[in-house]
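Handing you a structure now.
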Amino acid sequence: MARELDAAPGLARAVAEPAVGALTAPQSTRSLWRDAARRLARDKGAMAGLIVVALLIVVAIAAPHITPYPPNDQSFRIKLKPPSAAHWFGTDEFGRDIFSRVLVGTRVALWVGIVPVAVALVAGVAAGLVAGYYGGTIDSITMRVIDIILAFPWLLLAIGIMAILGPGINNVVIAVAIVYIPAFARIVRGSVLSIKEKEYVEAARAAGLPDPQIMTRHVLANAWAPIIVLATLSIGQAIIYAAGLSFIGLGTQPPDADWGVMLSSGREYLRQAPWLGGFPGLAILAAVLAFNLFGDGLRDALDPRLR
Amino acid sequence: MLRYALRRIVLMIPVLFGIMTVVFILLKLIPGDPAIALAGEKASVAQVDAARRAFGLDQPLPLQYLSFLKSAATLDFGLSLRTHQPIAGELRQFLGATLELSLAALLISLLVGIPVGVIAATHRGSTLDYGTMILALVGISTPVFWAGIVGIYIFSFRLGLFPIGGILDSGIDLQHITYGYVVDSLLTGNWAALQSSLHHLLLPAIVLSTIPMAIVARLTRSSMLEVLGQDYLRTARAKGLTERFVVVRHALKNALIPIVTAVGLQFGSLLSGAFLTETVFGRPGIGRYVVQAITARDYPVIQATVMVTAVAFVVINLIVDLVYAAIDPRIHYG
């Protein structure tokens, strides 16, 4: 629960129950999504977030072609230069162009934001769906395992996993994914518990449909709203988590550009060159804020009662 | 209530076992031979074998697991490989400092977050409401380690208001009881140490409080909005009570219940944030201790820290649940 709240304040409770209630009648699903899209389009904050997210994606794809300088090129002649017309964000302790490195760092940030959340979503949804649908022993065991994972503060769990896997950005992805599985499993299980009692699920069962089909077509199909909101809000948080791991030296290894690593070296040159840590930090803030704005808007759109 | 508490404590036992099992498996999965780490990189084969025997690493896994459980139950974690000091003592020292930082941050987040949330809710739809909620969203989106760096740059380097790091000025002696520096200064009546430790604590605590503060403000606002629409508030107003009295005594009191739960659940993230804050501010604490242990492959320290922190977290969650049950008269636990 802690990490659910952490990822999306108040979300676990706020989203799961009412949104499920709003979504349980299958025949109204399509118009509900259309209504939500209309409400979302009117939400200025959410649209601003969406634009920034789209921009980040474009930058991440185009980064190698649009950086003014090669991001890893060192030149000690121009080390620790303040922002100027030639180097918009200044240069770092090796004379590398910080603007170019921030642009390239977008790739890592989106990778560590989106991939772990996607992995956690698939694993968590599967676990929560099976646990909630079958109940009994399977449910008890799954929930106890989740309790145990949740008993570790996220950073400690991630550090433990990183100790096994070794440092590196792809291992950060695995660690952050494991950290997020419980949040998805819990929110899905909660929805499934209420949905599986509905008449249409009973009808599907009476019609003799196999369990996997009922679970995906009838139960899960009506539980997507809170899952999507949690995923959107988790991406921003995952970017912060991954940057934190890089910051303490467990993530991206030098010389590759990563906002967390850049912040970490920026700390050492804080007094003489505050731009070293300032710009990568602003980049993290902008990216996370964009995902959170969009996620907030999505939550409001899917359940207007929460506004 | 007592029966509920007892049942919760009993239910905690399997979780604690699970935690220890996970820690044991994690340690076994860490690549590299722990005996080499124990004996030192330059040790001879004979020395490595001796270390293996001395630490019981030549025993079959089930026996190792049992002795692991025993050391955990008796809080006897042995010596740190890096510092050669007893881990239990080091841990106590660092845990005190980390808890003090976390609790200070929690206090600040409540003292600021709750009034801000109430004001936003009572001014719903106004510029004040939008402004504070945008600020809260920015707060939630700010990585704590960056907030720390910005804080040090502005308040320490530029304005010179706070020290750039550390926990106490050098040259001040403090007798330790809890290893919370502010608490110990108070307990021993050491005013110089109190002033210095508060001075060192304030900036990191404010930095660490940004995310929980933003979360508390948002939750207070939504919780208050829900309560403000209730009929009993109309009744209270109809009785002629002042708006201030209605908001604080009638509305806030009821709105607080979900906030208490959320705050308790925040503690895990608060500890994680504390680890990063300690790293930024160079404060001694559990976070720096475990990060250094991982770099040095100090297995016993990793084991002890992970376990103690997880157990502390489980206990805190239990306390939160009990507080929750105690303040909400609608909840009856059998």
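The values are calculated or read from the model by the stated rules, or taken from the named source; none is laboratory data. Note that the structure is predicted; figures quoted are calculated from it, not measured. Here Cβ is always computed from backbone atoms with ideal geometry, including for glycine, and neighbour counts include all displayed protein chains. Calculation scope for accessible area: heavy atoms of the full protein, side chains included, ligands and nucleic acids excluded. Shrake-Rupley method; radii C 1.70, N 1.55, O 1.52, S 1.80 Å.
How much of B:MET213 can a 1.4 Å solvent probe reach, expressed as accessible area in Å² and rounded to 10?
About 40 Å², ignoring ligands and nucleic acids.
Apply the membrane-span-like helix rule to chain A: whole DSSP H runs, Cα extent along the own long axis of at least 30 Å, mean Kyte-Doolittle hydropathy at least -1.0. List the helices found. Numbers along the way, then the final one.
Values: long enough: A:44-66 (31 Å, 2.15); A:98-134 (53 Å, 1.73); A:169-195 (38 Å, 1.67); A:224-247 (34 Å, 1.65); A:275-302 (40 Å, 1.19).
Correct list, ordered by number: A:44-66, A:98-134, A:169-195, A:224-247, A:275-302.
Grab the DSSP H runs of chain B that are 4 residues or longer, score each as -39,500 (n - 2.57), total them, divide by all residues and round the 222 nm result to the nearest 500 deg cm²/dmol. Display every interim value, and only then the final one.
Numbers: 14 runs with 236 residues, N = 334.
So the helix-based figure for chain B works out to -23500 deg cm²/dmol.
Which listed residue (B:MET20, B:PRO163, A:LEU230) has the Cα farthest towards the positive end of the charge dipole for the protein assembly as shown, taking +1 on Lys and Arg C-beta and -1 on Asp and Glu C-beta about the Cα centre?
Of the listed residues, the answer is A:LEU230.
Moving on. Among the lysines, which have Cα under 25 Å from the Cα of B:LYS42 when same-chain residues fewer than 8 positions away are ignored?
B:LYS28
Next question. May I ask you to order B:272-278, A:45-51, B:101-107, A:147-153 by the average number of other C-beta atoms within 10 Å around their residues, highest value first? Could you put the intermediate results ahead of the total?
Details: B:272-278: 28.0, A:45-51: 18.0, B:101-107: 22.1, A:147-153: 24.1.
Result, highest mean Cβ count within 10 Å first: B:272-278, A:147-153, B:101-107, A:45-51.
What is the mean number of Cβ atoms from other protein chains located within 10 Å of the Cβ atom of each residue in peptide B:133-143, rounded to a whole number?
On the way: counts 2, 3, 0, 1, 8, 4, 0, 11, 14, 6, 13.
The per-residue average across the peptide is 6.
Whole angstrom only: what separates the Cα centroid of the range B:112-154 from the Cα centroid of the range A:204-224?
The range B:112-154 and the range A:204-224 have Cα centres separated by 43 Å.
Does the range A:59-145 classify as rounded, prolate or oblate by the C-alpha gyration tensor (a ≥ b ≥ c root eigenvalues; a/c under 1.5 gives rounded; else a/b over b/c gives prolate, otherwise oblate)? Intermediate values should be presented prior to the final figure.
Details: a/c = 5.98, a/b = 3.83, b/c = 1.56.
Because a/c hits 1.5 or more and a/b exceeds b/c, the range A:59-145 counts as prolate.
Another one. Taking a probe of 1.4 Å, how large is the accessible area per residue of the range B:231-334, in Å²? Spell out each step's value before the answer.
Numbers: 4240 Å² over 104 residues.
Accessible surface, normalised per residue, equals 41 Å².
I would also like to ask the following. Translational D (Stokes-Einstein, µm²/s) of the range B:20-73 at 37 °C and 0.692 mPa s when Rh comes from the Kirkwood sum over C-alpha pairs?
On the way: Rh = 11.8 Å.
The estimated diffusion coefficient comes to 278 µm²/s.
Something else: Using a 1.4 angstrom probe and counting only protein chains, how large is the accessible area of A:PHE279 in Å², to 10?
We get 50 Å² for A:PHE279.
Assign unit charges at the C-beta atoms only (+1 for Lys and Arg, -1 for Asp and Glu), then state the dipole size of the protein assembly as shown relative to its Cα centre in Debye, rounded to the nearest 20. Kindly include the intermediate steps, with their values, before the conclusion.
Details: 50 positive and 39 negative charges, 263 e Å.
Once rounded to the nearest 20, the dipole reads 1260 debye.
Let me ask something additional. Could you list the trypsin sites (Lys or Arg not before Pro) in the range A:136-192 that lie in coil according to DSSP, counting only those with at most 11 other Cβ atoms within 10 Å of their Cβ?
On the way: sites: A:ARG144, A:ARG186, A:ARG189; in loops: none.
Passing both the DSSP loop test and the Cβ count: no residue.
Here's something else I'd like to know. Which net charge results for the neighbourhood of B:ALA88, defined as the other residues with beta-carbon distances under 15 angstrom from its beta-carbon, given Lys and Arg at +1 and Asp and Glu at -1?
Numbers: positive: B:LYS70, B:ARG92; negative: B:ASP76, B:GLU90, B:ASP298.
Net local charge, B:ALA88 excluded: -1.
Report the residue, chosen from A:VAL104, A:VAL192, A:VAL145, that carries the largest GNM mean-square fluctuation when chain A is represented by alpha-carbon nodes joined by springs under 10 Å.
Evaluated over chain A, the most mobile residue of the options is A:VAL145.
How much FRET efficiency would the formula 1/(1 + (r/R0)^6) give for B:THR295 and A:TRP88, where r is the Cβ-Cβ distance and R0 is 41 Å, rounded to 0.05? Before the final figure, lay out the partial values.
Numbers: r = 35 Å, r/R0 = 0.85.
After rounding to 0.05, the efficiency reads 0.70.
Could you sort the peptides A:117-125, A:165-173 by per-residue average Cβ neighbour count (10 Å cutoff), highest mean leading?
Details: A:117-125: 20.6, A:165-173: 18.1.
Per-residue Cβ counts within 10 Å, averaged per peptide and sorted highest first, yield A:117-125, A:165-173.
Would you mind giving the mean number of other chain beta-carbons within 10 Å of the Cβ of each residue in B:300-307, as a whole number?
Numbers: counts 0, 0, 4, 1, 0, 3, 7, 2.
Average per residue, whole number: 2.
Rounded to the nearest 0.05, what FRET efficiency do B:LEU11 and B:TYR130 give with R0 = 45 Å and r taken as the Cβ-Cβ distance? Could you check?
Values: r = 44 Å, r/R0 = 0.97.
E(calc), rounded to 0.05, equals 0.55.
Treating the beta-carbon of each Lys and Arg as +1 and of each Asp and Glu as -1, no other charges, what is the dipole magnitude of the range B:20-73 about its Cα centre, to the nearest 20 debye?
On the way: 5 positive and 4 negative charges, 25 e Å.
Charge dipole, the range B:20-73, about its Cα centre: 120 debye, nearest 20.
In straight Cα distance, which aspartates and glutamates are under 12 Å from B:LYS253, not counting same-chain residues fewer than 8 positions off?
B:ASP328
Given 4 °C and 1.567 mPa s, compute D for the range B:171-294 with the Stokes-Einstein relation, Rh being the Kirkwood radius over Cα pairs; round to the nearest whole µm²/s. Before the final figure, lay out the partial values.
On the way: Rh = 17.7 Å.
Diffusion coefficient, whole number: 73 µm²/s.
Scale the Cα Rg of the protein assembly as shown by the rule-of-thumb value 2.2 N^0.38 Å and send over the ratio, two decimals.
Numbers: Rg = 25.6 Å, N = 641, 2.2 N^0.38 = 25.6 Å.
Working it through for the protein assembly as shown, the quotient is 1.00.
In Å², nearest 100, what accessible area do chains A and B bury in total when the solvent probe is 1.4 Å? Numbers along the way, then the final one.
Values: alone 14330 and 18200 Å², together 28260 Å².
Protein heavy atoms only, the A-B interface buries about 4300 Å².
Span-like helices, chain B: DSSP H, alpha-carbon axial extent 15 Å or more, mean Kyte-Doolittle 0.5 or greater, which ones?
On the way: long enough: B:2-29 (41 Å, 1.83); B:61-73 (18 Å, 0.75); B:87-122 (51 Å, 1.59); B:127-141 (21 Å, 1.37); B:191-228 (47 Å, 1.08); B:253-265 (19 Å, 1.42); B:267-281 (20 Å, 1.23); B:299-327 (42 Å, 1.96).
What comes out of the filter, once short or polar helices are dropped, is B:2-29, B:61-73, B:87-122, B:127-141, B:191-228, B:253-265, B:267-281, B:299-327.
Can you tell me which of B:THR142, B:THR188, B:THR235 moves the most in a GNM of chain B? Springs connect C-alpha atoms under 10 Å apart.
Comparing B:THR142, B:THR188, B:THR235 in a Gaussian network model of chain B, the most mobile one is B:THR235.
Cα-based Rg of the range B:91-327 per 2.2 N^0.38 Å, rounded to two decimals? Walk me through the intermediate numbers first.
Working: Rg = 20.1 Å, N = 237, 2.2 N^0.38 = 17.6 Å.
Ratio of Cα Rg to 2.2 N^0.38 Å: 1.14.
Which of A:HIS65, A:HIS218, A:HIS87 moves most in a GNM of chain A, Cα contacts under 10 Å?
Looking only at A:HIS65, A:HIS218, A:HIS87, the largest GNM fluctuation is found for A:HIS65.
Run the accessible area of chain B with a 1.4 Å probe and give the carbon-and-sulfur part as a rounded percent.
Values: 10650 of 16090 Å².
Of all accessible area on chain B, carbon and sulfur atoms account for 66 percent.
Can you check what the Kirkwood hydrodynamic radius comes to for the range A:213-307, Cα pairs only, in Å to one decimal?
On the way: mean 1/r = 0.0647 Å⁻¹.
Here the Kirkwood hydrodynamic radius works out to 15.5 Å.
For the pair A:ILE164/B:GLU226, report the inter-label distance in nm, with labels modelled 7 Å from Cα in the Cβ direction.
3.7 nm
Ok, one more. Hey, got the average number of other protein chain Cβ atoms within 10 angstrom for residues in B:269-281? Each step should come with its number before you reach the end.
Working: counts 9, 3, 6, 14, 5, 2, 6, 7, 0, 0, 6, 4, 0.
Neighbouring Cβ atoms belonging to other protein chains average 5 per residue here.
If you take the beta carbon distance between B:THR83 and B:ILE257 as r and set R0 to 41 Å, what does 1/(1 + (r/R0)^6) give as a FRET efficiency, to the nearest 0.05?
Calculated transfer efficiency: 0.35.
While we're here: Sorted by mean Cβ packing within 10 Å, highest first, what order do the peptides B:133-139, A:296-302 take? Show your work: numbers first, answer last.
Working: B:133-139: 18.1, A:296-302: 24.0.
Descending mean neighbour count gives A:296-302, B:133-139.
Moving on. Along the three principal axes, how long is chain A when you take its alpha carbons, biggest first, rounded to the nearest angstrom?
Sorted largest first, the three principal extents are 77, 45, 29 Å.
Could you report the accessible area of A:ASP211 in Å², rounded to 10, computed with a 1.4 Å probe on the protein chains as they sit in the structure?
Using a 1.4 Å probe on the heavy atoms, I get roughly 50 Å².
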